[in-house]
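Participant: Have a look at this one.
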Amino acid sequence: MTPAPDTAMVTADGLPLKLKLRQAERRKKLTAFLLVTPLLLFIIVTFVVPIFDMMRRSIDNPEIGEVLPRTTEALQAWDGRDLPPESVYAAFAADMVEGRENRTTGRVATRLNYEISGMRSAVNSTARRAARLEAPFKESLIETHARWGDPYTWQVIQRESGRFTASYYLSALDLRYDESGRITLQPEEQRIYLPLALRTFWLSGLVTVITLILGFPVAYMLATLPLRYSNLLMILVLLPFWTSLLVRTTSWIVILQSQGVFNDIVAFFFGEGARMQLMHNQIGTVIAMSHILLPFMILPLYSVMKTIPPGYMRAARSLGANPFTAFRRVYLPQTIPGIGAGALLVFILSIGYYITPALVGGRTGQLVGNLVAFHIQNSLNWGLAAALGTLLLGSVVILYFVYNRLIGIDNMKLG
Amino acid sequence: MSNSDDGPAAAADVPNEAFVRFDSVQKSYDGETLVVKDLNLDIARGEFLTMLGPSGSGKTTCLMMLAGFETATHGEILLDGTPINNVPPHKRGIGMVFQNYALFPHMTVTENLAFPLEVRKTSRSEIDRKVKRALDMVEMGEFGNRRPAQLSGGQQQRIAVARALVFEPDLVLMDEPLGALDKQLREQMQYEIKRIHDSLGITVVYVTHDQTEALTMSDRIAVFNDGVIQQLATPEDLYERPESAFVAGFIGENNRLRGVVTDIDGKHCSVQLEHGETVRAQRIRVSGEGAETMLSLRPERVVIDPVEGSLPNIFDARVEELIYLGDHIRTRVAVCGVDDFIVKIPNAQAHPIKRRGESLRVGWSAEDMRALDPG
Ligand SMILES: Nc1ncnc2c1ncn2[C@@H]1O[C@H](COP(=O)(O)OP(=O)(O)OP(=O)(O)O)[C@@H](O)[C@H]1O
Ligand SMILES: [Mg+2]
């Protein structure tokens, strides 16, 4: 059957078969490519580009280099001990004058303020008086603002004058440079992001477990009930998808608040003192998120269970297994791809969740996503928001690989 | 798992010691129609009994009631003398081979075979020994570490048989276990299942709608139709002596002639055919003179160009169609007013090849033609 190795196969018109095949295939490939082009472009523009832009922003650091070019250059020779020489102060004064004219000093003020709080006013007040500064600049600058007399200020300017910075990531991980320039953990009471990340993972895990416990029997019923009933049940499962996320979350507010439906019922039976705080804390976040993410657990589970013929359970029983053993040893293991897919989906959606914790989470029910939103909308520290976002993305990618290792991504059934 | 000397056929002769007994069992799924109507069936220990019948005749339903997955609507099923209606499937100790094998896809072959032993809390060493023996029995010793998906259909089938036998049940049910296999593999597996049955002395209830399979494997065959056993007999009896028009038509090839009984004398009767001729036939199931009847005759019992006067039934026939089948020529002829009368002419020197449109004489004895119910 196999052709002799030295005589390549040719078609009827004498062309090599391989070449002919490639020509014939090329057309097909081109058509296929053209068909997906719109989607490809859409994904690139709305998904790939923003993600890379976010990753760039998390390390991007143009402010000091651009606004203080002379200072940057002069600082290169400085050994970082004591105060920098007069040449640095002179360069800084010149940069400030120019920055004042171009109205760019505000950027440096903001950027330095991320590193040392209070630097915004130091830079701004210096910029206002920059034109009137006179040599020796060292003395006149220190006179303008005491910060310029602190070596630490100049160390930070020197460190952050590069094109790229790690400082957003350090902040996002509650790390900082100590006096000698080494990276250390923030003191316990100043840590914000690590406890928040921990809480995010813990709550996401909790939501995943709750949706699994609640969703498994529903998916089982969906897969085994006669079509007539399972269709109805399926509609009930999908109903939340057709309702706005905000409506669903606010309904939970109606139910959970201290004067809400649930507490009214509790108060009716056990008295006013029995009212529970179910909202503006982690309980509210967990309850509302579990409800909202439940379909994402049920659907992958259902699609896996649908493919498990009832014959397996019967076979197990006929072989002598009681119903529980048959379920545990024969049915359950076959649903693992579904459990894996559902858990992965719910967990990944959870760790990036934002709107529900924002509405029902209060202060203790906030997740990393809420802080990303805060830095984008309120503090306008986009670099930090980008670093937090990239770290979230990174943990999703890690999860994916762990999942792939344990279950195999090819086994994943999403719908 | 002892090799009994008296064999299954001998056991089949002792019906009063029924191992499995269906006692007026009825089954309805919807409360409107009976899928199984008043089933009475005794199966002897060591017997190979086949349930044969067209699709939807209730074979699987009977098997499922025996295995415990369906409950009988009425009547009782006894296993070794004890009623099992209220015994759950896992306590019945009945091995079962499913039509689609139902091998657990997430377990290796060895794990599949070990499963029934593990749930019985058998010791590890005992499990290893029994699994190995079961694998050797179906000649699959080297495949222990494979997953079912990595096996061919025939191999999966063997594993399914081995799994149903590994915990040494006395009774094994098989629901069309060979349905998915091609003809050659089927025949090979029929032989293997039969061999295992003979060597272990187990009782097998086998379901198929392949009559050849039923004829070659069974000690007895229960022919089902419409929830009723039409006939329960050995393969030979079933083929040679069908007792109803349905069985005659369902098993083997069969020429049918319709007519009215004109005269009955002892075991025989005369029947006037719709076309006018009168034939002599064996009286099997005719209610009396004047009754309508269906006459059944196996094609191989038709004699070509018989000596005049040697047979009570000799008629003129015309060749309509010839199909060359190697060892014989299947010939469709028109005779006695029907044109789908099949004759098998052996491909031998004594029988000159006929041509289409030629006429010939055909005849048969009264013994070979059975007068049955009108069907
Ligand atoms: N679970 C069920 N619910 C309702 N009706 C059923 C059910 N199972 C079987 N039936 C009906 O009972 C009748 C007998 O079915 P059964 O499966 O016993 O037939 P069978 O003889 O095994 O046929 P086949 O050779 O096609 O397997 C059929 O008419 C079928 O439609
Ligand atoms: Mg069936």
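The values are calculated or read from the model by the stated rules, or taken from the named source; none is laboratory data. These numbers come from a predicted model, not from an experiment. We place every Cβ from the backbone using ideal geometry, glycine too, and count neighbours over all the protein chains shown. The area values use the complete protein model at the heavy-atom level, side chains included, leaving out ligands, DNA and RNA. Shrake-Rupley method; radii C 1.70, N 1.55, O 1.52, S 1.80 Å.
Participant: Where q = 0.09 Å⁻¹, what log10 of I(q)/I(0) comes from the Debye formula for chain A, counting one point per Cα?
Facilitator: Values returned for q = 0.09 Å⁻¹ are -0.82.
Participant: Turning to a different aspect of this structure: On the first, second and third principal axes, largest extent first, how far apart are the outermost C-alpha atoms of region A:62-163 in Å?
Facilitator: Dimensions of region A:62-163 along the principal axes of its Cα atoms: 30, 30, 23 Å.
Participant: Obtain the nm distance between the two label points defined at A:Glu101 and A:Glu86 by a simple spin-label model: each point lies 7 Å from its Cα along the Cα-to-C-beta direction.
Facilitator: Distance between the two pseudo-spin positions: 2.4 nm.
Participant: Count, for each residue of A:321-333, the Cβ atoms from other chains sitting within 10 Å of its Cβ, then give me the mean as a whole number. All intermediate terms of the calculation are to be shown ahead of the outcome.
Facilitator: Details: counts 7, 5, 3, 0, 4, 4, 0, 0, 7, 6, 1, 1, 4.
Rounded to a whole number, the mean comes out at 3.
Participant: If you don't mind, there's one more thing I want to ask. Kirkwood Rh, Cα Rg: Rg to Rh for region B:61-102? Don't jump to the answer; show the numbers that get you there.
Facilitator: On the way: Rg = 10.5 Å, Rh = 10.9 Å.
Rg/Rh for region B:61-102 comes to 0.97.
Participant: To the nearest µm²/s, what D does Stokes-Einstein give for region A:20-123 at 20 °C and 1.002 mPa s, using the Kirkwood radius over alpha carbon pairs as Rh? List each step's numbers first, then the result.
Facilitator: Working: Rh = 18.0 Å.
For these conditions, the coefficient is 119 µm²/s.
Participant: Please express the Cα-Cα pair-distance distribution P(r) of region B:274-356 as a list of whole percents, one per 10 Å bin, running from 0 to the bin with the greatest distance.
Facilitator: 15, 45, 29, 9, 1
Participant: Could you give the nm distance between label points at A:Glu189 and A:Phe164, where each point is 7 Å from its Cα heading toward the beta carbon?
Facilitator: 3.7
Participant: Hey, another quick one. Can you pull the one-decimal nm distance between simple spin-label points at A:Leu30 and B:Arg256, each 7 Å off the Cα toward Cβ?
Facilitator: 6.5
Participant: Given the Cα atoms of region A:193-411, and with Rh set as the inverse mean 1/r over their pairs in the Kirkwood sense, what is Rg to Rh to two decimals?
Facilitator: Reported Rg/Rh, Kirkwood definition of Rh: 1.04.
Participant: Okay, moving on. Apply the Karplus curve 6.51 cos²θ - 1.76 cosθ + 1.60, θ = phi - 60°, to the phi angles in region A:103-118 and return the couplings in whole Hz, x for Gly and Pro.
Facilitator: Karplus-based 3J(HN,Hα) across region A:103-118 equals 6, 10, 5, x, 5, 5, 4, 5, 4, 6, 5, 4, 8, 10, 5, x Hz.
Participant: Starting with the highest mean, order B:305-314, B:253-262 by the number of other Cβ atoms within 10 Å, averaged over the residues of each peptide.
Facilitator: Values: B:305-314: 13.9, B:253-262: 18.1.
By packing density, highest mean first, the sequence is B:253-262, B:305-314.
Participant: Please give me the summed charge of the neighbours of B:Thr108: other residues whose Cβ is under 10 Å from its Cβ, Lys and Arg +1, Asp and Glu -1. Could the numbers behind the result be given before it?
Facilitator: Details: positive: B:Arg146, B:Arg147; negative: B:Glu111.
Net of charged neighbours comes to +1.
Participant: Of B:Ala291, B:Gln231, B:Val307, whose Cα points farthest to the positive end of the dipole of region B:217-312 (charges on the beta-carbon: +1 Lys, Arg; -1 Asp, Glu; origin at the Cα centre)?
Facilitator: Working it through, the farthest residue towards the positive pole turns out to be B:Gln231.
Participant: Counting only helical runs of four or more DSSP H residues, what would the 222 nm mean residue ellipticity of chain A come to if each run contributes -39,500 (n - 2.57) and the total is spread over all its residues?
Facilitator: Working: 21 runs with 270 residues, N = 415.
So the calculated ellipticity at 222 nm is -20500 deg cm²/dmol.
Participant: Compute, for region A:193-411, the length of the dipole vector about the Cα centre, with Cβ point charges of +1 (Lys, Arg) and -1 (Asp, Glu) only. Units Debye, rounded to 20. Don't jump to the answer; show the numbers that get you there.
Facilitator: Values: 11 positive and 3 negative charges, 115 e Å.
Roughly 560 debye, rounded to the nearest 20.
Participant: If the convex hull of the alpha-carbon atoms of chain B is projected onto planes in all directions, what is the mean projected area in square nanometres? Provide the component values of the computation, followed by the final result.
Facilitator: Numbers: hull surface 91.7 nm².
Projected over every direction and averaged, the Cα hull of chain B covers 22.9 nm².
Participant: On full extension of the chain, what length is gained from B:Asp339 through B:His74, given 0.36 nm per residue of separation minus the C-alpha to C-alpha distance? Working shown, then result.
Facilitator: Details: separation 265, 0.36 × 265 = 95.40 nm, distance 4.62 nm.
This chain segment gains 90.8 nm when fully extended.
Participant: Moving on. Average partner chain C-beta neighbours within 10 Å, per residue of B:159-169? Intermediate results must be reported in sequence, preceding the final value.
Facilitator: Details: counts 0, 1, 0, 0, 3, 3, 0, 1, 2, 0, 3.
If you average over the peptide's residues, the count of other-chain Cβ atoms is 1.
Participant: What whole-number value in Å² describes the accessible area per residue of region B:254-372 for a 1.4 Å probe? Each step should come with its number before you reach the end.
Facilitator: Details: 6050 Å² over 119 residues.
Per residue, region B:254-372 has 51 Å² of solvent-accessible surface.
Participant: Taking beta carbons within 10 Å but only from partner chains, what does the mean come to for residues B:63-74?
Facilitator: On the way: counts 0, 1, 0, 0, 3, 3, 5, 0, 0, 0, 0, 0.
Going residue by residue through B:63-74 and averaging, the value is 1.
Participant: Still on this structure, please answer the following. Could you compute the net charge surrounding B:Thr216? Neighbours are other residues with a C-beta less than 14 Å from the C-beta of B:Thr216; K and R count +1, D and E count -1.
Facilitator: Values: positive: B:Lys183, B:Arg186, B:Lys194, B:Arg195, B:Arg220; negative: B:Glu187, B:Glu192, B:Asp198, B:Asp210, B:Glu213, B:Asp219, B:Glu236.
Neighbourhood net charge equals -2.
Participant: Follow-up. Which three numbers, in whole Å and largest first, are the semi-axes of the equivalent ellipsoid of region A:194-301 derived from its Cα gyration tensor as √(5λ)? Mind showing how you got there, number by number?
Facilitator: Numbers: eigenvalues 153, 78, 33 Å².
Its equivalent ellipsoid spans semi-axes of 28, 20, 13 Å.
Participant: Can you give the FRET efficiency to the nearest 0.05 for B:Arg146 and B:Leu185, using r as the Cβ-Cβ distance and R₀ = 30 Å? Let's see the in-between values first.
Facilitator: Details: r = 18 Å, r/R0 = 0.60.
E between B:Arg146 and B:Leu185, to the nearest 0.05, is 0.95.
Participant: Starting from the Cα-Cα distance between B:Glu274 and B:Gln26, subtract it from 0.36 nm times their residue separation and give me the gain in nm to one decimal.
Facilitator: Answer, rounded to one decimal: 85.4 nm.
Participant: While we're looking at this one, here's another question. Can you give the extra length, in nm with one decimal, that the chain gains between B:Glu126 and B:Thr234 once fully stretched, where that is 0.36 nm per residue apart less the Cα-Cα distance? Walk me through the intermediate numbers first.
Facilitator: Details: separation 108, 0.36 × 108 = 38.88 nm, distance 3.88 nm.
Separation in residues times 0.36 nm, less the Cα-Cα distance, equals 35.0 nm.
Participant: Follow-up question, since we're still on this one. If amide H atoms are built 1.01 Å from N in the plane of the peptide, which residues on other chains or at least 5 residues away come under 5 Å of the amide H of B:Asn225?
Facilitator: HN-HN under 5 Å from B:Asn225: B:Gln230.
Participant: While we're on this one: Given R₀ = 35 Å, what would the calculated FRET efficiency be for A:Thr37 paired with A:Gln76, taking r from the Cβ atoms and rounding to 0.05? Don't jump to the answer; show the numbers that get you there.
Facilitator: Details: r = 48 Å, r/R0 = 1.39.
Here the calculated transfer efficiency is 0.10.
Participant: Only sites in a loop by DSSP and with at most 11 other Cβ atoms within 10 Å count here; which GluC sites (Glu not before Pro) in region A:104-166 make the cut? Write down the numbers at each step before the final one.
Facilitator: Details: sites: A:Glu115, A:Glu134, A:Glu139, A:Glu143, A:Glu160; in loops: A:Glu134, A:Glu160.
Those that pass, being in a loop and sparsely packed, are A:Glu134.
Participant: I'd like to compare A:224-232, A:119-127: which one has the highest average count of other Cβ atoms within 10 Å, and what's the full order after that?
Facilitator: Values: A:224-232: 11.3, A:119-127: 18.6.
So the peptides A:224-232, A:119-127, ranked by packing, come out A:119-127, A:224-232.
Participant: Let me ask something else about it. Mind pulling up the Rg/Rh value for the protein assembly as shown? Radius of gyration and Kirkwood radius, both on Cα. Don't jump to the answer; show the numbers that get you there.
Facilitator: Working: Rg = 43.2 Å, Rh = 35.6 Å.
For the protein assembly as shown, the value is 1.22.
Participant: Could you order the peptides B:355-361, A:85-91, A:206-212 from most to least packed, using the average number of other C-beta atoms within 10 Å per residue? Mind showing how you got there, number by number?
Facilitator: Details: B:355-361: 12.1, A:85-91: 18.9, A:206-212: 21.0.
Taking the mean over residues of other Cβ atoms within 10 Å, the ranking is A:206-212, A:85-91, B:355-361.
Participant: Chain pair B, A: how much accessible area is buried, both chains summed, with a 1.4 Å probe, in Å² to 100?
Facilitator: Working: alone 17730 and 24130 Å², together 40110 Å².
Protein heavy atoms only, the B-A interface buries about 1800 Å².
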